[in-house]
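The values are calculated or read from the model by the stated rules, or taken from the named source; none is laboratory data. Being a predicted model, the structure only gives us computed values, none of them experimental. Cβ placement follows ideal geometry from the backbone for every residue including glycine, while neighbour counts extend to all protein chains displayed. We work out accessible area using only protein heavy atoms, side chains counted, and drop any ligands, DNA or RNA first. Shrake-Rupley method; radii C 1.70, N 1.55, O 1.52, S 1.80 Å.
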Amino acid sequence: TYYRAFTDNQIVTTTIPAPTGYTSITLNSGQIENKGVEIAVTATPIERGNFSWDLGLNFSRNRSLVKSLPENIESVSLASFSAVSSLNIVGQPYGILSGTRYRRNDEGKLVIGSDGWPLIDNTQGPVGDPNPDWLAGVRNTLNYKTLSFSFLWDIREGGDLWNGTKAVLDYLGVSKESGDDRNVTGYVYDGVTESGEVNTVPVDFANPAQGLSGIKWRKAGTLLGLAEDNIEDGSWIRLREVTLNYSLPRKWFGSGKVISSVDLSLYGRNLILITDYKGVDPETNLRGASNDQGWDYFNLPGTRTYGNSLKAVIK
């Protein structure tokens, strides 16, 4: 399936500039475009005697774009902290992560101050896109007589998260990263000075002689740190589910019996997670199943589940 969908005249609640006597307004306005592709493939690569192997593949990719917003409205906020927000901005994907960031020149290079530290931009701006590049699933089912074994791999590529937990732990100096940074000396940031020259000034990441301004993880001056420093890739490969099922032989349930079939199953869910994300789980989201995605702020980790089931079909 290929699709291209436009959503027009949405119900939008947003702040309005003073002085009007009101702080917000709800109206129908704006347009968002979604386009993408969904592919599903099923096959039986092997089928010999009492044995068969069934394979199911699915792939999806979506691209969202905010085409317009209410007149004179620059952005619509879905959620906001002081350092980071989920916003709808014209020309950006839906729910872009916007927050505090470093200052960069027109070529995208860091602008470094005279003390060797990167300068912080005076305005917040896009720092990450929580929307994944693509999603995929691979399910394998092995069948032998009345026994079947099934496992599902769940794959996500891309999609940024704001690791607010790490931001706070860094600020307090109790994270592993802040501990490692204490040993970094003579580091030269790759960037240019305000006058455009290549930066050559070394800094120590923990220099008590300069007070808090000489400590890397305190440079932003707030508990939530600099949002750009805490944006991470949320890609994963996850063993979503494993199931072993045994169906009791049908000859045990003749035509005159009440029960027609009985299945016994053992299952496990969320058993393996492969990811470079430093937080508890890149699938987590602070506000659950909501429009604002990509927030990890002392969230609970995902659960690993084991169980068994008995299923009987009554005539």
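For Arg269, the conditions (1) modelled with pLDDT of 95 or more; (2) charged (D, E, K, R); (3) open to solvent by less than 60 Å² (accessible area, probe 1.4 Å); (4) part of a strand (DSSP E or B) all hold with the exception of (3). Residues of the stretch 205-253 that are more than 17 Å from the chain's Cα centre (by Cα) and small (Gly, Ala, Ser): Ala206, Ala209, Gly211, Ser213, Gly214, Ala220, Gly221, Gly225, Ser247.
Of the residues making up the stretch 227-266, those that are under 23 Å from Phe149 (Cβ atoms), open to solvent by 40 Å² or more (accessible area, probe 1.4 Å), of a type outside the set (D, E, K, R) and part of a strand (DSSP E or B) number 5. Pairs meeting the criteria (first residue in the stretch 132-152 and over 14 Å from Trp236 (Cα atoms), second residue open to solvent by 50 Å² or more (accessible area, probe 1.4 Å) and part of a loop (DSSP other than H, G, I, E, B), beta carbons under 8 Å, at least 6 apart or on different chains) are Tyr144/Asn50; Lys145/Asn50.
Name the one entry in Leu169, Leu147 that is over 17 Å from Thr275 (Cα atoms), in contact with a Phe, Trp or Tyr (Cβ under 6 Å, 6 or more places away or on another chain) and among the aliphatic types (A, V, I, L, M). Let's see the steps before the verdict.
Working: Leu169 fails: in contact with a Phe, Trp or Tyr (Cβ under 6 Å, 6 or more places away or on another chain).
None of the others qualify; the one that does is Leu147.
Tell me yes or no: at least one residue of the stretch 274-290 is in a strand (DSSP E or B) and open to solvent by 50 Å² or more (accessible area, probe 1.4 Å). Yes, because at least one residue in the stretch 274-290 is in a strand (DSSP E or B) and open to solvent by 50 Å² or more (accessible area, probe 1.4 Å). Screening Asn58, Asn88, Asn50, Asn62 for residues that are within 30 Å of Lys145 (Cα to Cα) and surrounded by 14 or more Cβ atoms within 10 Å (Cβ to Cβ) leaves exactly one candidate, Asn58. Checked against (1) surrounded by 14 or more Cβ atoms within 10 Å (Cβ to Cβ); (2) closer than 18 Å to Tyr102 by Cβ; (3) in contact with a helix residue (DSSP H, G or I) (Cβ under 9 Å, 6 or more places away or on another chain); (4) of a type outside the set (Phe, Trp, Tyr), Gly173 passes all but a single condition, namely (2). Residues of the stretch 85-121 that are within 23 Å of Tyr297 (Cα to Cα), without any contact (Cβ under 8 Å) to a residue 60 or more places away in the chain and part of a loop (DSSP other than H, G, I, E, B): Pro93 alone.
Would you check if Ser68 is polar (S, T, N, Q) and surrounded by 15 or more Cβ atoms within 10 Å (Cβ to Cβ)? Before the answer, list the steps.
On the way: polar (S, T, N, Q): yes; surrounded by 15 or more Cβ atoms within 10 Å (Cβ to Cβ): no.
No.
Only one of Asp204, Asp190, Asp154 is closer than 28 Å to Thr275 by Cβ and open to solvent by 40 Å² or more (accessible area, probe 1.4 Å); which? Spell out the reasoning first.
Working: Asp204 fails: closer than 28 Å to Thr275 by Cβ; Asp154 fails: open to solvent by 40 Å² or more (accessible area, probe 1.4 Å).
Asp190 is the lone residue from the list that is closer than 28 Å to Thr275 by Cβ and open to solvent by 40 Å² or more (accessible area, probe 1.4 Å).
Residues checked against (1) over 30 Å from Asn143 (Cα atoms); (2) under 25 Å from the mean Cα position of the chain (by Cα):
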| position | (1), (2) |
| --- | --- |
| Asn9 | yes, no |
| Gly21 | yes, no |
| Thr26 | yes, no |
| Glu38 | no, yes |
| Phe51 | no, no |
| Gly56 | no, yes |
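Of all residues being charged (D, E, K, R) and either touching a strand residue (DSSP E or B) at 6+ places or on another chain (Cβ under 7 Å) or not in a strand (DSSP E or B) (or both) in the stretch 15-72, which is nearest to Arg156 (Cα to Cα)? Just the residue, please.
So in the stretch 15-72, the residues charged (D, E, K, R) come out as 33, 35, 38, 47-48, 54, 61, 63, 67, 71.
From what's left, either touching a strand residue (DSSP E or B) at 6+ places or on another chain (Cβ under 7 Å) or not in a strand (DSSP E or B) (or both): 33, 35, 38, 54, 61, 63, 67, 71.
Working: Glu33: 22, Lys35: 18, Glu38: 14, Asp54: 22, Arg61: 10, Arg63: 15, Lys67: 26, Glu71: 36 Å.
The extreme case among them is Arg61.
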